[in-house]
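Some notes on the structure that comes next.
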Amino acid sequence: MISQRNLFFNHIAQTSPEPLALEIDSALGVYLTDIHGKKYIDLISGISVSNIGHRHPNVVNAIRLQTDKYLHLMVYGEYIQSPQVLLAQKITSLLPSHLSNVFFVNSGSEANDGALKLSRKFTGRSEILSCLNAYHGSTFGALSAMGSEDYKQWFAPLIPGFSNITFGNIDDLQKISVKTAAILIEPIQGEAGVRTANGVYWKALQQKCKDTGTLIIADEVQTGFGRTGKMFGFEYAGFTPDIVTFAKGMGGGMPIGAFVASKEMMESFTHHPILGHITTFGGHPVSCAAALACIETIENENLINRVPEISSFIVNELSDINGVREIRAAGLLIAIEFDSFEINKKIIDTCIQNGVIADWFLFCDNSMRIAPPINITNLELQKAIEIIKKSIEKNI
Ligand code: PLP
């Protein structure tokens, strides 16, 4: 009989020559269990998705209740579907009052594409700025905004009107002009290896955008829903966006994304042309029910309050270890920097062999990603830290 492993390599489109290829049988809380019964602590939450752990009972229960009622009914925007309405009400109640209108999609790339389209339609301008070393997704719109020519060049020509500035560099804000529709920016750069900018930068960005009538689109795909120790990364950074995009941690493990703007702005999609942005599956009722349960769990269990303490624990435990060059942390989005990719990769491989899942960042391959579920217990965390320490010692 052909093994699942062979079927995977033969029939599942591959994204790299060396996938992790762990064969997972089940997942619960912070743990993944493979087909041989080996348990792994998922210290990266499936890349910032399982913010409240895998298969949280509240999420599973919400999914069950919704599947008893209906699955897909109609393309997005036509019927009044309670899971969508309740989720939009919850999300907007957590955001500044002008961010009152939610467009549900299926992923982070789609959320960013939708937000970029909206910014062009609303402002009537075409120029879009984004930051070097930013990852915003793999669809053509999001790819056009990516901050890496090395990646983009293979898919050219991309969408015209896009250019990059340097994250955190105040002088570069001069590139924002009355021709700029929007700047798409992460409150904390994730794939660049957890990079923050200071309050002076965010203030200057906000002022420049106000002066030029440029919209700020905050990409909260990786930073949203508790990851940084605030509900949203823009609260952590200290600025107010005009449009905000979500996905990943929003759905408690189910696929969903959204972009949120003012009602006035979002109405740009209803005329010239009508149906200016549409989706079949966006805001799938089962994903919306799961997302509402996820957000309510974060709120009701006060999970965000724990984040700074857990973050400091990780930073303190690992910062004096021989071989660790730097640690950058924004809540539970953490980068542990080593001297090279080769060393980082060896340490990560050892961690995985010993039962802790970690990885590196797309644009920062000498740094190890740590982004655990925010409800990880102290005991689980201690166990993971011990394994990381031993893995570092073995490879330095
Ligand atoms: N934006 C950011 C900041 C991300 O980190 C990602 C994915 O890693 C995306 C957008 C794209 O999201 P998706 O993979 O759901 O399309």
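Taking a Cβ cut-off of under 14 Å around residue 280, the surrounding Lys, Arg, Asp and Glu residues balance to a net charge of -2, with basic ones at +1 and acidic ones at -1. A Förster distance of 56 Å, applied to the separation of the beta-carbon atoms of residue 390 and residue 274, puts the FRET efficiency at 0.40. The residues neighbouring residue 27, those whose beta-carbon lies less than 15 Å from its own, together hold a net charge of -2 under the Lys/Arg +1, Asp/Glu -1 convention. Sequence-ordered 3J(HN,Hα) estimates for region 119-126 from the Karplus curve with 6.51, -1.76 and 1.60 and θ = phi - 60° stand at 5, 5, 5, 6, 8, x, 10, 10 Hz, glycine and proline given as x.
Between region 219-295 and region 299-374, how far is it from one alpha carbon centroid to the other, in angstrom? So the two Cα centres are separated by 26 Å.
Provide the percentage of antiparallel DSSP beta bridges, counting only those with both residues in the chain; round to the nearest 5. About 65 percent, rounded to the nearest 5. For region 1-72, carbon and sulfur atoms together expose 57% of the accessible surface, with a 1.4 angstrom probe and every protein chain in place.
Lysine pair count for region 156-249 (Cα-Cα distance under 28 Å; residues 8 or more apart in sequence or on different chains): 11. Name the shape class, rounded, prolate or oblate, that the alpha-carbon gyration tensor gives for region 329-377, where a ≥ b ≥ c are the square roots of its eigenvalues, rounded holds for a/c under 1.5, and otherwise prolate holds if a/b is larger than b/c and oblate otherwise. Here region 329-377 falls in the oblate category. Counting only residues at least eight positions apart within a chain, or on another chain, the aspartates and glutamates with an alpha carbon under 17 Å from that of residue 121 are 110, 113, 242, 264, 267.
Springs join every pair of Cα atoms under 10 Å in this Gaussian network model of the chain, and among 54, 36, 11 the largest mean-square fluctuation is at 11. In straight-distance terms, cross-link reach from residue 394 covers every one of the aspartates and glutamates whose alpha-carbon lies under 18 Å from its own, apart from those fewer than eight places away in the same chain; here that gives 317, 320, 337, 339, 342, 349, 359, 386.
Volume of the convex hull of the chain (Cα atoms only), normalised per residue: 154 Å³. Normalised per residue, the accessible area of region 101-147 is 31 Å², obtained with a 1.4 Å probe and no contribution from ligands, DNA or RNA. Ligands, DNA and RNA left out, the accessible area of region 86-219 computed with a 1.4 Å probe is 54% carbon and sulfur. Cross-linked pairs 39/390; 345/390; 39/90: Cα-Cα separations exceed 25 Å for 39/90. The phi torsions of region 12-26, fed into the Karplus equation with coefficients 6.51, -1.76 and 1.60 and a -60° offset, translate into couplings of 9, 4, 8, 10, 7, x, 10, x, 4, 6, 6, 9, 8, 9, 7 Hz, rounded to whole numbers, with Gly and Pro shown as x. Round to a whole angstrom and tell me the spacing of the C-alpha centers of region 18-61 and region 127-156. A separation of 30 Å, based on Cα centres.
Counting other C-beta atoms within 10 Å, and keeping those with at most 12, which DSSP coil chymotrypsin sites (Phe, Trp or Tyr not before Pro) do you find in region 63-152?
Numbers: sites: 70, 76, 79, 103, 104, 122, 135, 140, 151; in loops: 70, 76, 79, 135.
Passing sites in region 63-152 are 79.
The distance between label points at residue 339 and residue 365 comes to 1.9 nm (points 7 Å beyond Cα on the Cα→Cβ vector). In the chain, the DSSP-assigned H stretches of four residues or longer account for a calculated mean residue ellipticity at 222 nm of -11000 deg cm²/dmol, using -39500 (n - 2.57) per stretch and the full residue count as denominator.
The values are calculated or read from the model by the stated rules, or taken from the named source; none is laboratory data. Since the structure is predicted, the reported quantities are computational estimates derived from the model, not experimental observations. So basically every Cβ, Gly included, is an ideal-geometry build from the backbone, and we count neighbours across all protein chains shown. Each accessible area value is taken on the protein alone, full model and side chains, heavy atoms only, with ligands, DNA and RNA left out. Shrake-Rupley method; radii C 1.70, N 1.55, O 1.52, S 1.80 Å.
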